[in-house]
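Below you'll find the structure, written out as structure tokens, and then a few comments.
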Amino acid sequence: MIHVDSVSRHHGQQILFLDASFAVHRGEKVGLTGPNGAGKSSFFRMIMQEEEPDAGRVTVERNTTLGYFSQDVGEMSGGLTVEATMAGAGAVSGVASRLKKLEAALADPAQADDMDKIIEEFGEVQSRFEELGGYALESRAREILAGLGFAPDMIEKDVGDLSGGWKMRVALARILLMSPDALLLDEPTNHLDIESILWLEGFIKNFEGALIITSHDRDFLNRTVTRIVDIDGGEVTSYSGNYDFFEEQRAIRETQAEAQYERQQAMLAKEKAFIAKFK
């Protein structure tokens, strides 16, 4: 589904990764790990074709839909929270917005002279909304918002009045509502409370597509991913298992590397001593 082939990327003088290769298939849940500045967000942007690698290529299989949640939510103002959530759902979001305006017009005495025309258009727009599965989508949007901690009155609130943290939740809800083939989630647990994190864990476990996720919440990764792709010092390594298993395997690799280095140094010392002896 998503293929990273011999990719290298640098940022200024810093090498992020060299000759990195891995693939993510449908149903796989992958945790992308590494220190801050290691290049995790760069991988997301390359998958979304917002950045190009310096070498190699990143490809996404044809007709694969991607849902990318980042820490940059952009401008978000005007309209109800539920409408803003549905805004990423394609044509149905525009129809939903028009339907809301027509509902307001039906209740406006000042438009009494145009009521026949308004009623006619309302019927047409409502039929189109039903055809697109709009009512089911709105119900799903409300369910996701509730799962992310929104009280019923907040769902009906103007999204522009929400704080930055709550707007982040709206942005996350919008991506989850898309039901894409692959979810790319960059630190989705930021600004979430415990109840919302637990709800998100359940959502991810039931998600049937591919998932690539970054998170500083070790417990969250342990409960949601089945594979780790780690970026460390320009090297990208894949480990089967959750975060705890990854740390165990990484510790073993580091111990083995240290032992090998010590053996090499001991052998080098012996060679030097042997050469010195016969000088």
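Of everything listed in (1) in a loop (DSSP other than H, G, I, E, B); (2) more than 25 Å from Asp219 (Cα to Cα); (3) not charged (D, E, K, R), the single unmet condition for Pro35 is (2).
Residue by residue, here is whether (1) assigned to a helix (DSSP H, G or I); (2) in contact with a His (Cβ under 7 Å, 6 or more places away or on another chain); (3) in contact (Cβ under 8 Å) with a residue 60 or more places away in the chain holds:
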{"residue": "Ala173", "(1), (2), (3)": "yes, no, yes"}
{"residue": "Leu200", "(1), (2), (3)": "yes, no, no"}
{"residue": "Glu235", "(1), (2), (3)": "no, no, yes"}
{"residue": "Tyr239", "(1), (2), (3)": "no, no, no"}
{"residue": "Glu247", "(1), (2), (3)": "yes, no, no"}
{"residue": "Arg253", "(1), (2), (3)": "yes, no, no"}
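Report, by residue number, each residue of segment 18-29 that is surrounded by fewer than 21 Cβ atoms within 10 Å (Cβ to Cβ) and of a type in the set (A, V, I, L, M). If the condition is that a residue be surrounded by fewer than 21 Cβ atoms within 10 Å (Cβ to Cβ) and of a type in the set (A, V, I, L, M), then Leu18, Ala23 are the ones that fit.
Yes/no matrix, rows are residues, columns are (1) touching a residue at least 24 places away in the same chain (Cβ under 8 Å); (2) polar (S, T, N, Q); (3) out of contact with any Leu (no Cβ under 7 Å at 6 or more places or on another chain):
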| site | (1), (2), (3) |
| --- | --- |
| Met86 | yes, no, no |
| Val95 | yes, no, no |
| Asp116 | no, no, yes |
| Gly123 | no, no, yes |
| Leu132 | yes, no, yes |
| Arg169 | yes, no, no |
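For segment 43-63, residues that are surrounded by fewer than 20 Cβ atoms within 10 Å (Cβ to Cβ) and within 30 Å of Gly149 (Cα to Cα) total 2.
Bear in mind these aren't lab numbers, they're just calculated from the coordinates by the rules spelled out. Just so it is clear, the model here is predicted, and its values are computed rather than measured. Virtual Cβ from ideal backbone geometry, glycine too; neighbours counted across all protein chains shown.
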